[in-house]
Structures are given as C-alpha cells and as structure tokens.
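Colleague: I'd like to ask you about the structure that follows.
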Amino acid sequence: MIEIKRLGAKFGFSAVGIAALERNPHAAELDRWLADGHAGTMTYLNRQAEKRKDPRLVMPGAKTAVVTLTNYFHGDRIPNLAPRVAQYAWSPDYHDVLGERLEQLATAIRALVPGSTTRCYVDAGPVPERELAQLAGLGWIGKNMMLIHPEIGSFTFIGVVLTDARLEPDLPFEADRCGTCRRCLDACPTQAFAGPRDLDARACISYLTIEHRGEFDATQRAQVGDWLFGCDVCQDVCPWNVSFAQATQDPGFTSRTDVARPDAGQLATIDEAEFQRRYDRTPFTRPGHDGMRRNAAAVLNDT
Ligand code: B12
Ligand code: SF4
Ligand code: SF4
C-alpha cells in the first residue's frame, strides 16, 4: 500500500506501516505484567486487558492497523537543567496535533477503499500501540520497552488507524537489535526495570510524576529527583538514539519554553485558574494543577 505511505508522509508522519490484526502474540506477557502489579494504580490497563490482548475486539470488524510514528526529538537546543521535563511534553498537546493528522489519513483510507470504516487512536484507547508498531515493521521493542525505529530511534509518538479494510500488511520487524546492550536498565535512576521489557511502573519517574494521584511519600519524593514531568533517561542513553535521533523540524511540534523549562517555584504556588490559563492544552493537564504542584514541590526540595 505505497499510496497510504505516500499520503502518511504528506500529512507529516515520520514512518507508516501496516499490520493485519490478530491476537497479540505477547498476550501472556501482558497478563504476567498485570499480575505482578507492575501497572500500579493504572487500573484501566486491567479493564482494557482483553482488548489489548486481541485488538480485533477494539473495533468490531477491524482487519487492519495502519500504524504511524512521529519524531518529537528536540535535540539539545534547550539545556536539560532542573527542573527537567520529558521531551515528548515540550510541544503543544500531541493528542490534538496527531489526532488531526490521523483523521486525514483515515479519510484517505476510506477514499482508497470505498465503503470501509476507520477509527483513530493515539495514546488514549485500549490499543497495544507498541506491539502493533512492531507487527507493522516499524521497529523492535527494546529492553526499555520502547518501540525503536532503526533509522529514527525511539523519541516517537505512535498513532494508529484501525480499519475494516483489508490492506496488504508489511512484514513484522523480527530482529532484536538490543543485542547484549543493557544501558537503559543500568541507567534508570530508580532501578525500575525488574528485567528486560519488564518495567515496574510503580518505581518509574514517568508514572510517579504523571499517573500517580495524591501526595508522594518520602521514597517517591527522592525517586523523582529533579524530574518535574516524565523522564527520558532510558531513552537518552540508548545508542540507537545517540546515533540516529535527529531534531524534529515539524511545525506541529515546535518546543514551548514555558513547558520545556517551566519555573518550578511558580508552579508550586500558582492557583488553579492561573494553571489552566498557562497550561491548558499541554500534557501538564494529565496530572493537573494538584499533580504539578506536588511535582514542583518535590523538585524544589531536591535542588
Ligand atoms: C501505560 C503507559 C505508560 C506507563 C507504563 C509504561 C510501560 N512500560 O508499559 C508509564 C506511565 C510508566 C509510561 C511511561 C512512558 N511512556 Co507510555 N504509555 C502507556 C500506554 C498508555 C499503555 C502501555 C501498556 O499497555 N503497557 C503495558 C505493557 C505490558 O504493554 P506494552 O508496552 O504494549 O508492552 C508489550 C511488549 O513489551 C510485549 N513484549 C513483551 N516481551 C516481549 C518480547 C518481544 C521480543 C517482543 C517483540 C514484545 C514483547 O508485550 C507487552 C504486552 O503486549 C501506551 C499507549 C498505548 N495505548 O499503548 C503509552 C506509550 C507506550 N508511552 C509512550 C511514551 C512516549 C512514554 C514515555 C517515554 C514518556 C516519558 N518520557 O516520560 C515513558 C517511557 C517509559 C518506558 N520505558 O516504558 C509512547 C511510546 C512510544 C514508543 N516509541 O515506544 C506510547 C506508545 C504512547 C504513544 N501513543 O506514543 N507509559
Ligand atoms: S522513564 Fe526514567 S524512571 Fe522510568 S524506566 Fe525509564 S529511566 Fe527509569
Ligand atoms: S539502551 Fe541498549 S538495551 Fe536499552 S533499548 Fe537501547 S539498545 Fe536496547
């Protein structure tokens, strides 16, 4: 389906691949991960497990996933001084930007296959996105659990269009190019990996600063260190990013200094109305005013 890939590039995606929908070959790994409690309080992952294990259940009649990657790497243009913010959050909310682009791609698919239907997902549905990206030939799942494209690296968003159209699939990316490397596992500041491809989210700074609700205990406060929102360490050290990640020129992902380098002192003290005014339509709305105030207080305590 060269036409879909050509259109994907035109709409701004860095790479597009196609997978035939089938039962998730790693359903047992998801069950084990959930049974080990590694999802923490993200109980929606338990509720969505059947669909993640068999993405055909997500959209009745769906036959194909058209999977996209979008590079969000910003390079070293803004120095990574405390407080640190993960690069995926530096630009306007990716759900909005990618949502629009995926709708354009979905419209193109419906035009190419008259009578077909589509549904778009980016990070907000019961879709096993990394798994589908690997099946669509876009890269392998590294020991840090990230989908790594061999020429782009892992600083990418994944977006998916499910469709009932039968499209010719790409070959899955079968190779594991991590080899004997284990830099990500060793560099994780909180030793959150129980093993390769087995992240205990409860100890992950990204989980603590974005998904955890309520105050931090003393251990969690220490774990967060100087990260205000998310964490990039297990990607920053990956040789595939060191060698291949290129700063994005995408106008939809221009970095915002007020998000990339926020003032933790202000964040710890501003009221709800001011928080909404400054950070509406940014990823900071996920933890919200309470969560970001808590994170800022923890970072200030650390510095
Ligand atoms: C829950 C979640 C989190 C949780 C849990 C993370 C985790 N490792 O699962 C927390 C909050 C910690 C988190 C953090 C981050 N996240 Co997140 N997250 C998700 C979400 C919503 C679900 C992931 C999930 O189901 N996890 C459960 C695990 C068990 O499932 P899985 O990741 O699909 O893993 C499968 C494979 O590992 C496979 N498997 C197991 N063993 C083997 C062996 C082989 C050989 C193979 C091939 C496969 C395989 O089986 C698993 C089950 O199917 C997805 C979006 C989505 N809908 O998928 C985004 C998503 C994974 N996150 C994303 C991002 C960007 C991040 C962060 C980088 C953000 C940041 N900078 O702070 C960090 C990275 C942390 C890390 N190293 O994983 C991107 C990843 C893009 C990419 N290129 O991979 C996604 C896809 C969102 C998006 N649409 O772009 N995230
Ligand atoms: S995002 Fe940070 S805390 Fe989470 S696993 Fe990666 S290095 Fe560890
Ligand atoms: S740092 Fe090494 S082990 Fe970790 S994902 Fe990258 S290549 Fe794989």
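Every number in this text was worked out from the coordinates using simple rules, so none of it is lab data. What you see is a predicted model; the values in this text were computed from it and never measured. FYI the Cβ positions are ideal-geometry reconstructions off the backbone, even for glycines, and counts take in every protein chain you see.
Colleague: Does the range 263-303 come out rounded, prolate or oblate, given a ≥ b ≥ c as the square roots of the eigenvalues of its C-alpha gyration tensor, rounded meaning a/c under 1.5 and, failing that, prolate meaning a/b above b/c?
Modeller: In terms of gyration-tensor shape, prolate.
Colleague: Another question about this same structure. Can you sort GLU131, GLU3 by how many other beta carbons sit within 10 Å, fewest first?
Modeller: Fewest-to-most ranking of GLU131, GLU3: GLU3, GLU131.
Colleague: When a footprinting reagent is the concern and you count Cβ atoms within 10 Å, what order do THR117, THR70 take, fewest first?
Modeller: So the residues, fewest neighbours to most, are THR117, THR70.
Colleague: When a/c reaches 1.5 or more, the comparison of a/b and b/c decides; with that in mind, is the range 15-75 rounded, prolate or oblate per its Cα gyration tensor?
Modeller: Since a/c reaches 1.5 but b/c is at least a/b, the shape of the range 15-75 is classed as oblate.
Colleague: Still on this structure: For the chain, what is the mean residue ellipticity at 222 nm derived from helices alone (per DSSP H run of n ≥ 4: -39500 (n - 2.57); sum divided by total residues; nearest 500 deg cm²/dmol)?
Modeller: Helix contribution divided over all residues of the chain: -9500 deg cm²/dmol.
Colleague: Just to be sure I understand the model, the point goes 7 Å from the Cα along the line to the Cβ. What's the resulting LEU34 to ALA222 distance in nm?
Modeller: 3.4 nm
Colleague: If each residue's Cβ is checked for other Cβ atoms within 10 Å, how do TYR44, TYR72 rank with the fewest at the top?
Modeller: Listing TYR44, TYR72 from fewest to most nearby Cβ atoms yields TYR44, TYR72.
Colleague: Convex hull over the Cα atoms of the chain, averaged projected area in nm²?
Modeller: Average of the hull's projected areas for the chain equals 15.2 nm².
Colleague: Turning to a different aspect of this structure: Going by Cβ distance under 4.7 Å, what cysteines of the chain have no possible disulfide partner?
Modeller: Isolated Cys, the chain: CYS120, CYS178, CYS181, CYS188, CYS204, CYS231, CYS238.
Colleague: Taking the range 1-90, which trypsin sites (Lys or Arg not before Pro) meet the DSSP loop condition and have no more than 13 other C-beta atoms within 10 Å?
Modeller: ARG23, ARG77
Colleague: Oh, and also: By how many nm would the segment from ALA111 to GLN266 grow when fully extended, if each residue of separation counts as 0.36 nm and the alpha-carbon distance is taken off?
Modeller: Contour length minus the Cα-Cα distance gives 50.9 nm.
Colleague: Which value, in debye to the nearest 20, describes the size of the charge dipole of the range 144-239 about its Cα centre when Lys and Arg Cβ atoms bear +1, Asp and Glu Cβ atoms bear -1, and nothing else is charged?
Modeller: That gives a dipole near 200 debye.
Colleague: Would you work out which of LEU167, GLY252, PRO150 lies farthest towards the positive end of the dipole of the chain? Charges go on Cβ: Lys and Arg +1, Asp and Glu -1.
Modeller: LEU167
Colleague: When the dipole is taken about the Cα centre of the chain, and only Lys, Arg (+1) and Asp, Glu (-1) are charged at their Cβ, what size is it in debye, to the nearest 20?
Modeller: In total the dipole reaches around 460 debye.
Colleague: Each label point is 7 Å from the Cα along the Cα-to-Cβ direction; what then is the distance between the points at THR41 and ASP96, in nm?
Modeller: 2.8 nm
Colleague: For the range 1-78, give the magnitude of the charge dipole about the Cα centre (Cβ charges: +1 Lys/Arg, -1 Asp/Glu; no others), in debye to the nearest 20.
Modeller: The dipole magnitude comes to about 300 debye.
Colleague: Where Lys and Arg each count +1 and Asp and Glu each count -1, what net charge lies around ARG197 among other residues with Cβ under 9 Å from its Cβ?
Modeller: That sum, taken over residues with Cβ under 9 Å, equals -1.
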